Each structure stands twice: as structure tokens, then as C-alpha cells.
Amino acid sequence: MSAQSIGWDSRPRPTMAIVVALYLMIPHGVSAGEGQPAVQAEVEKMLRDDLDLEQVAVALAGSEVTLTGPVATFWDKNEAINRTLALDGVETVASELTIPGAEDDAGIAEEVVEAIRTYRFITIWDYVGGGVIDGVVTLNGTVTPDRDKSGDLFERVAKIPGVQDVQMRIVQQSASRRDNDLRRGIAARALRHPALSHYTLVADVPPFRIVVDQAVVTLVGAVRSGVESNILESITRQSFETREVVNLLQYPQ
């Protein structure tokens, strides 16, 4: 039986091959560039409905979104950028968002100190410090790993009016059982000592900190005298599993 012809010309047809390739590359029923208005509308809706940023303008060029306009705080700016980046069809975000400045850095510094002081998860085992230059806040220090304290503090500081940026240099301590036992043991013995027990009467967290990481204990913060500093260091050194003690305590001379 001879082969039956089905009317297909087997000779190469380059033009048809190109057309077929393009047809396969573009989703059926969608023309090139048709998705851009939808992406822009989604960004605008997110900014308006989720973040209440109605004054922010959105421009889209390819997969890059440009955000322009005033926002109240650095937290608003950061959220606008991060949430825009999380949307499908967006690869980069160019920010032209502006934040009102504060009168001076001293006012911002006072609010940063208050934000840290009133953070209810700060303990005797956490130490956080920092500085402010031209509205840019830098937070440094070390915290225990029981929750995302660094993220919490970032949010609290980023919402302070006048803050232009927040640089986080806070590291997380070890979560080992040995370090946890050292933290609890040293703190309990220190606050039971007759010379140091008065700190439990004036504040939930004393002005000194007991930082433990990999069995290295750093004493930092403030005490009333050199005698208290020596007592606290002695208590720390008596802990069997302590590998090293660093005493950075400050006190009136």
C-alpha cells in the first residue's frame, strides 16, 4: 500500500516557523505589554487600600516601578517598597519617596531611647544602643533569640517621625541550652545578692546587662559603684560553665 498524501508540503518554510515560535511565546489572547496597566493598577490599589498612601504616584516601565511622593515615616517608605517588590510582574523599584525631616537629631535620639526603653521584650540579657546622624538611625547591640526582637525594634524606630533610614547592626545570641542556663543562673544570683537586690525595686530591667553568647559573658551598662561592678563580675566568674568574662560596666568615679 502506498503512502497517502494528506496535503502537507514538507519543504522548509522559515516564515511560518517564526510565526509559530512567536505564537507559542505569547500567551493566547494576550498581546505584548497588555499586562502593564494591570500591574500598575495592582500597585496603586495596594498602596491605597493596604497602606493608606494615596499621595504616592506610580509609574511603570517594563518590570520597574517608580514610586514618587510624600510619606509620613520611614516605615511607610519601607513598606511601600517591599510590598511593591512582592507583587507579580515587578522586578525592581525605584524610590523617589520623601519623608519630612525633624528639627534636629537630638529630638529623634530621645524618641529612639524611649522606643527601646518601653519595648516590653527587652530583658536583662539584651543590650541595644546606637546613634543618629542627619536623621539616619543606627541600632547596634545583641539580643536573645526567643523572638524577632531586631525586627520589632526596627518597626518601632522606623515609625518615629523624622527618621530617614534605620541601619540594623543587632546580632542574635546563641540559643544553646548552656547559654540559656548561664543567663538565668547569673541573673538570679546577681539580683538576690544584698548589694544588688535594690535594682529589683526600681525597674523591671536593671541598668546593667548580662550578655551571654557561646559561654562568653559580657557585663555592660551601668551600676552605682566599683564595688557593685566587682561583685557582679565575681558572681559571673563563679558560674562553672563560663568560658570568659568581659566587664564593660560603667560607674561614677
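The values are calculated or read from the model by the stated rules, or taken from the named source; none is laboratory data. In this text the structure is predicted, and so the values were computed from the model without any measurement. Here the Cβ positions follow ideal geometry from the backbone for every residue, glycine too, while neighbour counts run over all protein chains shown.
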Mind checking which pairs have a first residue in the range 241-253 that is closer than 21 Å to Asn180 by Cα and a second that is of a type in the set (Gly, Ala, Ser), Cβ under 7 Å, 6 or more apart or different chains? Glu241/Ala215; Thr242/Ala215; Arg243/Ala215; Asn247/Ser229
Please specify each residue of the range 217-239 satisfying the condition of being out of contact with any helix residue (DSSP H, G or I) (no Cβ under 9 Å at 6 or more places or on another chain) and within 20 Å of Arg184 (Cβ to Cβ). Thr218, Val220, Gly221, Glu233, Ser234, Arg237
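Among the strands (runs of 3 or more DSSP E) confined wholly to the range 137-253, which include 3 or more residues that are farther than 30 Å from Asp104 by Cα?
Values: elements: 165-172, 208-213, 216-222, 244-250.
Those strands (runs of 3 or more DSSP E) span 208-213, 216-222, 244-250.
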Pairs, please: C-beta under 9 Å, at least 6 apart or cross-chain, first residue within 13 Å of Ala94 (Cα to Cα) and in the range 50-68, second basic (Lys, Arg)? Val56/Arg48; Leu67/Lys77
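Hey, can you tell me all the residues within the range 51-67 that are over 16 Å from Val39 (Cα atoms) and not charged (D, E, K, R)? Lay out the reasoning, then the answer.
Taking the range 51-67 and keeping what is over 16 Å from Val39 (Cα atoms), we get 51-55.
If the condition is that a residue be over 16 Å from Val39 (Cα atoms) and not charged (D, E, K, R), then Leu51, Leu53, Gln55 are the ones that fit.
Yes or no, residue by residue, for (1) over 30 Å from Thr98 (Cβ atoms); (2) not polar (S, T, N, Q):
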{"position": "Asn140", "(1), (2)": "no, no"}
{"position": "Gly151", "(1), (2)": "no, yes"}
{"position": "Pro161", "(1), (2)": "no, yes"}
{"position": "Asp165", "(1), (2)": "no, yes"}
{"position": "Ser197", "(1), (2)": "yes, no"}
{"position": "Val216", "(1), (2)": "yes, yes"}
{"position": "Gly226", "(1), (2)": "yes, yes"}
{"position": "Ile235", "(1), (2)": "yes, yes"}
{"position": "Leu249", "(1), (2)": "yes, yes"}
Between Asp179, Asp134, Asp204, Asp126, which is more than 16 Å from the chain's Cα centre (by Cα) and at pLDDT below 95? Asp204
Residue pairs within 6 Å by beta carbon, gap of at least six or interchain, first lying in the range 214-227 and closer than 12 Å to Tyr127 by Cα and in the same structural domain as Val246 (by TED's automatic domain parsing), second aliphatic (A, V, I, L, M) and surrounded by 15 or more Cβ atoms within 10 Å (Cβ to Cβ), listed first then second, are Thr218/Val211; Leu219/Leu232; Leu219/Leu249
